[in-house]
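Novice: Below you will find the structure I want to go over with you.
Coordinate-derived values only; no laboratory data. All values reported here derive from a predicted model rather than from experimental measurement. Quick reminder, even Gly has a Cβ in these numbers, built from the backbone with ideal geometry, and neighbours come from all protein chains shown.
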Amino acid sequence: MAPVAPPESEAELLRRAESLAGQRLADLAHALGTQVPADLRRAKGWPGQLVEAWLGASAGSLAEPDFRNLGVELKTIPVGRDGDPLESTYVCTVPLEGACAATWENSWVRRKLARVLWLPMEADRETPLAQRRVGAALLWSLEPDLEAVLRTDWEEIMELVCLGRLAELSARLGVYLQVRPKAANARSLRRSVGADGGSVLTNPRGFYLRAAFTREVLRRHYALPP
DNA sequence: TGATGATCATTA
DNA sequence: TAATGATCATCA
């Protein structure tokens, strides 16, 4: 997709994001000279990449906030007709090595979520992809009470990783932050540290925000059903 | 039905 | 290869 220069300030980023409100994905795609895929089965990341291109996100696939110079992460939120989030939101990879040295303060999760541009997108399956609209952007900072919950979740998860209790990792852990597989397929393996301190292979995992978290963020800043 | 676990495309 | 962008598909 056509590159757009990165925004030089949060104000500029927000102006760009606000100009997308109400636009249909087909309009954005055509303006960038690209086509709307027939469906998302083989283009799962397409909506996110489309708005990245529009807003001038610069980090690519690096483990960095999307707008590196601003320290702002872009997150689209797929929402239904009622504005309620439909899916969890990927945050970053779970560090399987060096888990014992990691702290919440220096974690990728905290770095990425410190400042986020949330962008709701229509995503109910009734609406054809091309006709789905972008919602109203929200430039947001991690709020202390939400951070406290995330921190507890993160520490619970990372303790298991540190101790090599990988079999106990489950998406059922965590109030707002959960761990799920994150890989091309279940045969992907990554090195980690076993309970005896030795090297073991396990499936790569990612941190995800439950829909309950993004629902709470949207609820606090927009008029939404409870 | 909703959530968990699995999967797909792209890029540096 | 391993990070990113996520949604799909199955089962409790």
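Novice: Per 0.36 nm of contour for each residue apart, how much would the distance between A:S9 and A:E126 grow if the chain were fully extended, relative to their Cα-Cα spacing?
Specialist: Here the segment from A:S9 to A:E126 would lengthen by 38.4 nm.
Novice: Once you put a point 7 Å from the Cα of A:A101 and another 7 Å from the Cα of A:E18, both along the Cβ direction, what distance in nm separates them?
Specialist: Modelled inter-label distance: 4.4 nm.
Novice: While we're looking at this one, here's another question. Counting each DSSP H run of 4 or more residues in chain A as -39500 (n - 2.57), what helix-only mean residue ellipticity at 222 nm follows after dividing by all residues, to the nearest 500 deg cm²/dmol? Display every interim value, and only then the final one.
Specialist: Numbers: 6 runs with 64 residues, N = 226.
The helix-only estimate for chain A comes to -8500 deg cm²/dmol at 222 nm.
Novice: May I pose another question? May I ask you to compute the full-extension gain from A:S188 to A:D39, defined as 0.36 nm times their residue separation minus their alpha-carbon distance, rounded to one decimal in nm? Working shown, then result.
Specialist: Working: separation 149, 0.36 × 149 = 53.64 nm, distance 2.58 nm.
That pair, A:S188 and A:D39, stretches by 51.1 nm at full extension.
Novice: For chain A, what is the Kirkwood hydrodynamic radius in Å, using each pair of distinct C-alpha atoms? Present the calculation step by step, with values, prior to reporting the outcome.
Specialist: Values: mean 1/r = 0.0537 Å⁻¹.
The Cα-based Kirkwood calculation yields 18.6 Å.
Novice: Please state the relative contact order of chain A as a whole percent: Cα pairs under 8 Å, 6+ residues apart? Walk me through the numbers before you get to the answer.
Specialist: Details: 384 pairs, mean separation 47.3, N = 226.
Normalised by residue count, the contact order of chain A is 21 percent.
Novice: Taking amide H atoms as placed 1.01 Å from N in the peptide plane, list the residues 5 or more away in sequence, or in a different chain, whose amide H sits under 5 Å from that of A:V193.
Specialist: HN-HN under 5 Å from A:V193: A:V200.
Novice: Just checking chain A: which Cys have no other cysteine's beta-carbon under 4.7 Å?
Specialist: A:C92
Novice: Please list, by residue number, every one of the trypsin sites (Lys or Arg not before Pro) in segment A:65-151 that is coil in DSSP and has at most 13 other beta-carbon atoms within 10 Å.
Specialist: When the trypsin sites (Lys or Arg not before Pro) of segment A:65-151 are filtered for loop state and at most 13 Cβ neighbours within 10 Å, A:R81, A:R125 remain.
Novice: With a point put 7 Å past each Cα toward its Cβ, work out how far A:E155 is from A:R180 in nm, to one decimal.
Specialist: Placing both labels 7 Å along Cα→Cβ, they lie 2.6 nm apart.
Novice: Which of the helices in chain A meet the span-like rule: DSSP H, Cα axial reach of 15 Å or more, Kyte-Doolittle mean at least -0.5? Don't skip to the answer; put the middle values down first.
Specialist: Details: long enough: A:144-163 (28 Å, 0.28); A:211-221 (16 Å, -0.59).
Answer set is A:144-163.
Novice: Taking chain A as a Gaussian network, where each spring joins two C-alpha atoms under 10 Å apart, which residue of A:V116, A:V200, A:V179 fluctuates the most?
Specialist: A:V200
Novice: Quick query: amide H of A:C92 versus all other amide H atoms, modeled in the peptide plane; which residues come in under 5 Å with a sequence gap of 5 or more or a different chain?
Specialist: Here the answer is A:F207, since their amide H atoms fall under 5 Å of that of A:C92.
Novice: Follow-up question, since we're still on this one. Going from the alpha-carbon gyration tensor of segment A:1-128, what semi-axes, largest first and in whole Å, does one get by taking the root of 5 times each eigenvalue?
Specialist: 26, 18, 14
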